């Protein structure tokens, strides 16, 4: 059975490439390590080396073919003792895979992953000096990235800091071996230095979601000048209204959170300056009221969006939120369902948290942290009374929203919650 | 009329324009430069170079006064202001003819006159209102530079209230001088006149002198200026100028208090505005914001084929930034591979006051503000053998590293010859070296540059000589 030559993945993010030219002709003897062909990716032209010995029996994808999918069959090598007749059968079998989507399982799966081996061999062929700046080398080392995977953008193709940082942000990490879809796949974190006498531990590799959370929230906390405003809001009227509304129909079951979403939406309508982002050149005022709602999932935090929340009634918000939350937990949100939004709500009330300050979800200007509604002693008309009170803390990016605007928004929000009938207007 | 069709027309022949023109010629572009005043622009005629000539005179004069410290005797040290000025003008003239020669050698066509955009790909040149030439080119670079900013109510009058232009050719040595603004321009003139004996006051609106520099450097500079007899008022603004025949009473407001200071001359150095007028920008897609042309990272304006470089394209207002931008634009037009946008963090700044100040990259405060965990190194001149031998023990070299990656984020220097030292860190930054490479580098002994090594070592707790 001839050995199949498959289109290699020369970088973890490569999904397809161009077969620039074959350096061996049909009938040429091939040794492991010989350069078979030149493959072009969007980043660079790389040499594709053979990992097997034999005779190049058939070229199936000719020179200059564009857009060859990774793992597509591009040629066949005859092993010792095989003759050309073997090609016909193999070619037919391989044809199934022709033009197919890059599939990790290939007819040669019994062999130890030749694609990977080829990619690695090419990338780190001994004697090939990789030009990279000292800073690029260090950042790559710390991030566990093989420099050989990267294309340099500096003078004479030297790898510079920018190239490594871009690779990190696009999710390239050490195991270049990963499938062609590596960008989306969870990648292993660089092994942390093991302290000799430290406590025992196990390591959970970072998922790409966890990395994004880490990066964005670190960036937010470190670069966004946060300030915090807290208000206590009485919930009794809202709870009564909720019970009343929920008692009228089985078609919906409104949660306190649904009321909060609507109140935030109407509050932003009243104080549009709080529905904004900071950019280097301008304050971006959102014309739509799109509200991100933080949802905890097993993989991490995600913020599906209720779009045009100001134009939706409580039942509509409630229904949409339930659907989005299920999708979020199942990891089925589409990008447009969680990317964007002008304002975020994070509610930890169901866990009994009284009050907390959330980290801003960049590039948004504000995030509202909602605590639990609980019975508290309040003073009303010079006498102690019991009321159900919830504390809400607004975290604000001071570059976009000043204290007075934040306070004005919170006042509007508080009024809507405390007089919930006004929400129905 | 001669040849009027070019590959590239450059309006303005300052350090942005003439460098762009020479690079364009090297790359085979048929290039024209239009200059309304003098080749070399402000930098060479009324800025960087002639001020350095003046400051050289005041530095030597200062050294003469301290001759005793070196075992030398100088009697009756004095100066002739008109000769100092004449030397400065001579230096400018020499360089201007140098630029003229370079442009000629590179076969760049120079038009003497005022240029205006006259439709897509068209430039009209006039001289004293009369048409000189109508030029066409696919690419046009605006490199018209900038001029001193004027505050309403405090307009310079060329006599009592000067800008850099009058201050460069003073007809008289003011006994009492007030400088408004303590940026590079203001502080250099303050240094010059103070060294020559003027009773000098500097008024700065920010809370420190040289406000763009690292706060520690600013503080050291202020202390040194005050030791030299300069009076410095910060967090202050000038609210009124009352002129009489040969003096000006300046009302300065600081910390809620108002004081009146009477001086012979006032120098205004409160920033610059771009030369965006009468360029025919109206009706084009070129956007002007706060007197500067808006450009992207490739220096492209909103109008296809029209670029802007240097001061007219915004801060930092430095000759070397203009030159580099010019080269970037030209190389892109010529299709040179591997052209990179200018990394604004890698533009050094130098101020030639006494002591000199030079810096590149982020200040310590800026680095922290950007969220870096930093390692900071400092090394004082007093710890350096060469500095002691020179009798220049005042000053410091400060380095700021990213603690995580060892990237040199910024370097800040004050002291003798630091404007010549900063390039070492510049090369290091451009090559993206880390602290390790700087530590491995062998610095020659005995030099001031050893302090650059020591400052890096100090950032990692390893300084040897302090």
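Each value in this text was obtained by applying a stated rule to the coordinates, not by laboratory testing. Small disclaimer: the values here were computed from a predicted structure and weren't measured. Note that each Cβ is placed from the backbone with ideal geometry, even for glycine, and that neighbours are counted across all protein chains shown.
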If you find the alpha carbon centre of region B:138-177 and of region B:30-100, how far apart are they in angstrom?
17 Å
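Please compute, over every Cα-Cα pair in region B:275-334, the percentage with a separation greater than 14 angstrom.
On the way: 913 of 1770 pairs.
So the portion of pairs separated by more than 14 Å is 52 percent.
Note the direction-averaged projected area, equal to a quarter of the hull surface, for the Cα convex hull of region B:129-181, in nm².
Taking a quarter of the hull surface, the average projection is 7.0 nm².
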How big is chain B along each principal axis, measuring the range of its Cα positions in Å and listing the largest first?
65, 62, 47
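Determine the shape class of region B:329-466: with a ≥ b ≥ c the square roots of the Cα gyration tensor eigenvalues, call it rounded for a/c under 1.5, and otherwise prolate if a/b is greater than b/c, oblate otherwise.
On the way: a/c = 1.88, a/b = 1.48, b/c = 1.27.
Since a/c reaches 1.5 and a/b is larger than b/c, the shape of region B:329-466 is classed as prolate.
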Diagonalise the Cα gyration tensor of region A:350-412 and give the resulting equivalent ellipsoid semi-axes, square root of 5 times each eigenvalue, largest first, whole Å.
28, 16, 6
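Taking Rh as the Kirkwood radius computed over C-alpha pairs, what is the Stokes-Einstein D of region A:258-395 at 10 °C in a medium of viscosity 1.306 mPa s, expressed in µm² per second? Write out the running numbers ahead of the final one.
Values: Rh = 16.0 Å.
Here the translational diffusion coefficient equals 100 µm²/s.
Relative contact order, percent, of chain B when contacts are C-alpha pairs under 8 Å separated by at least 6 residues?
Working: 987 pairs, mean separation 63.8, N = 466.
It rounds to 14 percent for chain B.
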Per residue and in Å³, how big is the convex hull formed by the alpha-carbon atoms of region B:400-466?
88 Å³
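Within 10 Å of each residue's Cβ, count the other Cβ atoms and sort A:285, A:410, A:206 from fewest upward. Don't skip to the end; give the middle numbers.
Details: A:285 14, A:410 23, A:206 18.
Sorted ascending by nearby Cβ count, the order is A:285, A:206, A:410.
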Rg and Dmax of the protein assembly as shown, Cα atoms, in Å?
34.6, 110
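How much space per residue, in cubic angstrom, does the convex hull of the C-alpha atoms of region B:239-387 take up? Intermediate results must be reported in sequence, preceding the final value.
Numbers: hull volume 38.8 nm³, N = 149.
Roughly 260 Å³ of hull volume per residue.
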Roughly how crowded by other chains is peptide B:334-341, in terms of the mean Cβ count from those chains within 10 Å of each of its Cβ atoms?
1
Under the Debye formula (equal points on every Cα, no solvent term), log10 I(q)/I(0) of region A:226-279 at q = 0.26 Å⁻¹
-1.12
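For a footprinting-style exposure proxy, rank A:163, A:142, B:214, A:250 by other Cβ within 10 Å, fewest first.
Values: A:163 24, A:142 14, B:214 27, A:250 7.
Taking fewest neighbouring Cβ atoms as first place, the list is A:250, A:142, A:163, B:214.
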With the Cα gyration tensor of region B:1-144 in hand, convert its eigenvalues to equivalent ellipsoid semi-axes via √(5λ) and list them largest first in whole Å.
42, 15, 11
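Going by average Cβ neighbours within 10 Å, how do the peptides A:59-68, B:99-108, B:405-414 rank, with the highest at the top? Mind dumping the intermediate values first?
On the way: A:59-68: 14.0, B:99-108: 16.1, B:405-414: 26.0.
Peptide ranking by packing, descending: B:405-414, B:99-108, A:59-68.
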What is the antiparallel percent of DSSP beta bridges lying wholly in region A:218-359, to the nearest 5?
75 percent
Report, as an integer, the average count of C-beta atoms from other chains found within 10 Å of each Cβ along A:131-142.
5
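For region B:163-318, divide the Cα radius of gyration by the Kirkwood radius and give the resulting Rg/Rh value with two decimals. Walk me through the intermediate numbers first.
Values: Rg = 18.6 Å, Rh = 17.5 Å.
Checking Rg against Rh, the ratio lands at 1.07.
Only counting other Cβ atoms within 10 Å, I'd like B:453, B:324, A:308 sorted with the fewest neighbours first. Spell out each step's value before the answer.
Working: B:453 24, B:324 21, A:308 13.
In increasing order of surrounding Cβ atoms, one gets A:308, B:324, B:453.
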Taking each pair of distinct Cα atoms in region B:335-393 once, what is the resulting Kirkwood hydrodynamic radius in Å?
14.9 Å
Centre separation in Å (Cα based) which lies between region B:182-212 and region A:50-72:
71 Å
What are the principal axis extents of the Cα atoms in region A:42-87, in Å, biggest first?
39, 18, 17
How large is the direction-averaged shadow of the alpha-carbon convex hull of region B:129-221, in nm²?
10.3 nm²
How high is the relative contact order of region A:259-413, in percent, counting Cα pairs under 8 Å that sit 6 or more residues apart?
25 percent
How many Cβ atoms of partner chains, on average, are near each residue of B:402-410 if near means within 10 Å of its Cβ?
3
